[in-house]
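A.B. asks: Before anything else, here's the structure in question.
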2 protein chains.
Amino acid sequence: MKFEVTILGSSSATPIYTRHPTAQVLNIRERLFLIDCGEGTQMQMMRYKIKMQRISHIFISHLHGDHYLGLMGMISTMHLQGRINELHLYGQQDLMDVLEMQLRLSNTILRYNLIFHAVRHYVSSLIFEDEDILVRSIVLNHRIPCTGFLFREKQKPRKLLINKMQQYNIPFIYFNKIKNGEDYEDDYGNIIKNDELTVPSPPPRSYAFCSDTIYDENILNDVRAVDLLYHEATFLHDMEDRARATYHTTSLQAAELAKKAEVKKLLIGHFSARYKNLALLLDEAKSVFQNTELALEGLRFAV
Amino acid sequence: MKFEVTILGSSSATPIYTRHPTAQVLNIRERLFLIDCGEGTQMQMMRYKIKMQRISHIFISHLHGDHYLGLMGMISTMHLQGRINELHLYGQQDLMDVLEMQLRLSNTILRYNLIFHAVRHYVSSLIFEDEDILVRSIVLNHRIPCTGFLFREKQKPRKLLINKMQQYNIPFIYFNKIKNGEDYEDDYGNIIKNDELTVPSPPPRSYAFCSDTIYDENILNDVRAVDLLYHEATFLHDMEDRARATYHTTSLQAAELAKKAEVKKLLIGHFSARYKNLALLLDEAKSVFQNTELALEGLRFAV
């Protein structure tokens with residue numbers, strides 16, 4: 001089952017040519033979730049052949065422009081292209097005020113239902129759930145209210161071994177119970193252990209998105225042992241003071257966090273415009289946490 | 001003296017890849033004026049090597065997203081890059097409400113002075129003047145309040161013929177009067193006609209920007225005989241009904257307007273995303289007004 005993230009932009013506040021502001025598309029079982037939507041995201045989607053109308057849910061971390069200024073244009077384009085499917089939007093309460101003002105001034109009545117879900121910035125919460133996944137907010141520590149997002153697959157029931165069902169002639173109505181771990185007792189009172197009838201489903205995968213934030217170990221519990229952690233790494237560690245002053249993280253710190261949280265893989269992004277050569281940021285992170293990659297736009301990472 | 005316009009985008013509301021929404025930079029004697037600022041304009045400036053910080057005045061025609069959604073990002077980038085020079089912004093009153101809300105929510109205190117000038121949409125007015133040029137608003141006829149802009153050089157005084165100044169031994173203090181057309185009377189009462197002492201300066205050049213609008217001959221007086229008229233041409237004329245319904249203009253109509261206004265040259269833009277082949281729009285306009293060009297992004301036109 002697909003669970004992958006495509007990077008559409010990973011520049012920090014000032015874009016430089018070929019580096020766009022933050023936006024990512026998460027594909028979970030062919031369902032598309034957009035995370036942040038910096039200026040130009042709709043053009044980036046065209047470039048990387050992601051169908052905008054397939055996006056059902058959008059998550060915005062905070063109201064610095066490089067994380068949401070592409071949203072109004074995308075909402076408008078979805079409308080102009082005839083969208084009728086509802087769109088769910090998650091973000092800080094004030095986000096909807098900006099959009100409503102812009103819709104009103106452009107005299108736009110959306111053809112589809114835009115459903116806004118206010119995300120509280122001061123407490124980690126379950127903000128989305130369907131049959132396959134859970135999304136929780138992560139409290140980040142930035143200059144303005146800001147949340148990260150944790151996408152986690154639900155633990156699927158165990159898988160039935162069909163040949164065993166046939167061998168023991170187990171009626172269909174018992175299948176769900178067995179999937180959920182129960183043993184089977186046949187008409188003669190013989191107990192067949194669940195282990196013999198099923199195999200476990202693959203462990204649930206998880207992706208955590210953390211941008212923007214100062215280095216803050218308070219998020220360790222939220223992101224512990226995730227398969228893939230995206231964490232901002234705006235500066236090299238020689239600019240730690242600047243990182244602290246602007247509530248950002250250094251590449252070294254992002255790697256330390258990944259190590260302490262025992263994540264499987266780290267993806268760094270939100271690169272300051274001052275770095276043309278991103279290899280420096282990557283090398284610094286790898287010196288602490290080897291399994292790190294740069295969140296370069298256009299790249300796709302399996303979770 | 002330079003007077004040229006660079007097209008940064010000329011797509012209508014829905015951008016398609018390689019066609020960005022409306023934005024143009026006017027260079028008048030090395031002073032840069034930005035006209036409209038669709039999403040991605042700051043990236044387009046980088047692409048076409050236009051220095052954002054050199055822009056002193058921004059003119060926004062109306063509050064449909066494809067004409068202003070790049071503004072907040074640009075204002076923010078100017079700030080982050082350390083701008084201190086003031087920036088003048090011209091647009092509908094409500095534009096500043098949107099910007100102020102976004103600045104407040106992102107907790108941004110600009111380092112430079114952003115001076116807003118509200119443009120009235122119901123009357124053509126002089127909105128800017130310096131020693132070289134005048135800018136007037138043009139009342140356009142669109143679904144929401146919308147103005148075009150007319151940039152016109154001031155008529156310069158006549159040029160002195162230096163050899164004549166020497167021949168008649170004319171004192172310096174008379175130069176300004178002679179430049180302004182007066183004859184010269186020497187100490188013996190001889191009148192030397194101004195025609196013999198000066199030549200006229202080149203005629204003032206003018207550029208009119210008209211987007212978006214239904215076909216409306218009310219603008220003829222505003223744009224009469226301009227050197228270069230940019231006029232929207234969203235549709236081919238077989239979609240005249242759709243153009244009327246959406247308050248847009250067809251390519252044929254734009255050309256008819258150019259012809260009736262006796263402009264020197266026509267530039268068409270604001271192309272609907274439905275047209276991959278823009279040559280159709282160009283051919284249609286040329287069938288009525290030969291001296292027409294497509295406002296393709298990256299192109300630069302001398303006025």
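A.B. asks: Computed on alpha carbon atoms, what radius of gyration and Dmax characterise the protein assembly as shown, expressed in Å?
C.D. replies: Cα-based Rg and Dmax for the protein assembly as shown come out at 31.0, 141 Å.
A.B. asks: How would B:Lys276, B:Lys154 line up from fewest to most surrounding beta-carbon atoms within 10 angstrom? Intermediate results must be reported in sequence, preceding the final value.
C.D. replies: Values: B:Lys276 9, B:Lys154 13.
With the fewest neighbours first, B:Lys276, B:Lys154 line up as B:Lys276, B:Lys154.
A.B. asks: Go through A:Gly181, A:Val199, A:Ile170 and say which Cα lies farthest out towards the positive end of the charge dipole of the range A:159-199; charges sit on Cβ, +1 for Lys and Arg, -1 for Asp and Glu.
C.D. replies: Looking along the dipole axis, the top candidate is A:Val199.
A.B. asks: Among the listed pairs B:Lys2/B:Lys177; A:Lys2/A:Lys177; B:Lys49/B:Lys265; B:Lys156/B:Lys193; B:Lys177/B:Lys264; A:Lys51/A:Lys265, which have their C-alpha atoms separated by more than 21 angstrom in this model? Could you put the intermediate results ahead of the total?
C.D. replies: Details: B:Lys2/B:Lys177 27 Å; A:Lys2/A:Lys177 27 Å; B:Lys49/B:Lys265 26 Å; B:Lys156/B:Lys193 19 Å; B:Lys177/B:Lys264 33 Å; A:Lys51/A:Lys265 27 Å.
Distance filter (> 21 Å) returns B:Lys2/B:Lys177; A:Lys2/A:Lys177; B:Lys49/B:Lys265; B:Lys177/B:Lys264; A:Lys51/A:Lys265.
A.B. asks: Over all alpha-carbon pairs of the range A:164-297, lay out the pair-distance distribution in 10 Å bins, whole %, shortest bin first.
C.D. replies: Calculated over all Cα pairs of the range A:164-297, the distribution is 12, 33, 15, 9, 13, 12, 4, 0 percent.
A.B. asks: With θ set to phi - 60°, apply the Karplus curve 6.51 cos²θ - 1.76 cosθ + 1.60 along the range A:237-243 and write out the HN-Hα couplings as whole Hz, x wherever there is a Gly or Pro.
C.D. replies: Running phi through 6.51 cos²θ - 1.76 cosθ + 1.60 with θ = phi - 60° gives 5, 5, 10, 4, 4, 5, 4 Hz.
A.B. asks: State, as an integer percentage, the relative contact order of chain A based on alpha-carbon contacts under 8 Å between residues 6 or more apart.
C.D. replies: After rounding, I find 16 percent.
A.B. asks: If you don't mind, there's one more thing I want to ask. Rounded, prolate or oblate: pick one for the range B:159-199, where a ≥ b ≥ c are the square roots of the eigenvalues of its C-alpha gyration tensor, a/c under 1.5 means rounded, and failing that, prolate if a/b is larger than b/c, else oblate.
C.D. replies: Details: a/c = 1.40, a/b = 1.26, b/c = 1.11.
Verdict is rounded for the range B:159-199.
A.B. asks: With each run of n ≥ 4 DSSP H residues scored as -39500 (n - 2.57), what mean residue ellipticity at 222 nm is computed for the protein assembly as shown after dividing by its residue count and rounding to the nearest 500 deg cm²/dmol?
C.D. replies: -6000 deg cm²/dmol
A.B. asks: Could I ask something else about it? Return the lysines within reach of B:Lys260: Cα separation strictly under 17 angstrom, same-chain partners fewer than 8 residues apart disregarded; answer none if there are no such residues.
C.D. replies: Leaving aside lysines fewer than 8 places away in the same chain, those within reach of B:Lys260 are B:Lys286.
A.B. asks: A further question follows. Would you mind counting up the charge near A:Asp195? Only other residues with Cβ under 12 Å from its Cβ, with Lys and Arg at +1 and Asp and Glu at -1.
C.D. replies: 0
A.B. asks: With a length cut of 15 Å (Cα positions projected on each helix's long axis) and a Kyte-Doolittle mean of at least -0.5, go through chain B and give me the DSSP H helices that pass.
C.D. replies: B:93-105
A.B. asks: Hey, another quick one. Return the long-range amide H neighbours of A:Val119 (sequence gap of 5 or more, or a different chain), with a cut-off of under 5 Å between placed amide H atoms.
C.D. replies: For A:Val119, the qualifying residues are A:Gly91, A:Gln92, A:Gln93.
A.B. asks: Pop out the ³J(HN,Hα) list for the range B:215-226 in order, Karplus 6.51 cos²θ - 1.76 cosθ + 1.60 with θ = phi - 60°, rounded to Hz; leave Gly and Pro as x.
C.D. replies: Going residue by residue, I get 4, 8, 6, 5, 8, 3, 5, 5, 10, 4, 6, 5 Hz, with x marking Gly and Pro.
A.B. asks: Still on this model: Within a Cβ distance under 12 Å of B:Met239, other residues only, what is the Lys/Arg minus Asp/Glu net charge?
C.D. replies: Around B:Met239, the surrounding residues sum to -1.
A.B. asks: What does the net charge come to around A:Pro145 if you take all other residues with beta carbon closer than 11 Å to its beta carbon, with K and R at +1 and D and E at -1? Walk me through the numbers on the way to the answer.
C.D. replies: Values: positive: A:Arg120, A:Arg143; negative: A:Asp94.
Spelling it out: positives minus negatives among the neighbours equals +1.
A.B. asks: Using only the alpha carbons of chain A, determine the length spanned along each of the three principal axes and report them from longest to shortest in whole angstroms.
C.D. replies: Principal-axis extents of the Cα atoms in chain A, largest first: 74, 52, 35 Å.
A.B. asks: So for B:Tyr207, B:Tyr174, fewest C-beta neighbours within 10 Å to most, what's the order?
C.D. replies: Fewest to most other Cβ atoms nearby, the residues stand as B:Tyr174, B:Tyr207.
A.B. asks: Among rounded, prolate and oblate, which fits the range A:22-118 when a ≥ b ≥ c are the square roots of the eigenvalues of its C-alpha gyration tensor, a/c under 1.5 means rounded, and a/b larger than b/c means prolate?
C.D. replies: It comes out rounded by the Cα gyration axes.
Quick note: the coordinates plus some simple rules give every number you see, no bench work behind them. Predicted model, so just to flag it, every value in this text is computed and none were measured. In this analysis, Cβ positions are derived from the backbone assuming ideal geometry, glycine residues included, and neighbour counts consider all displayed protein chains.
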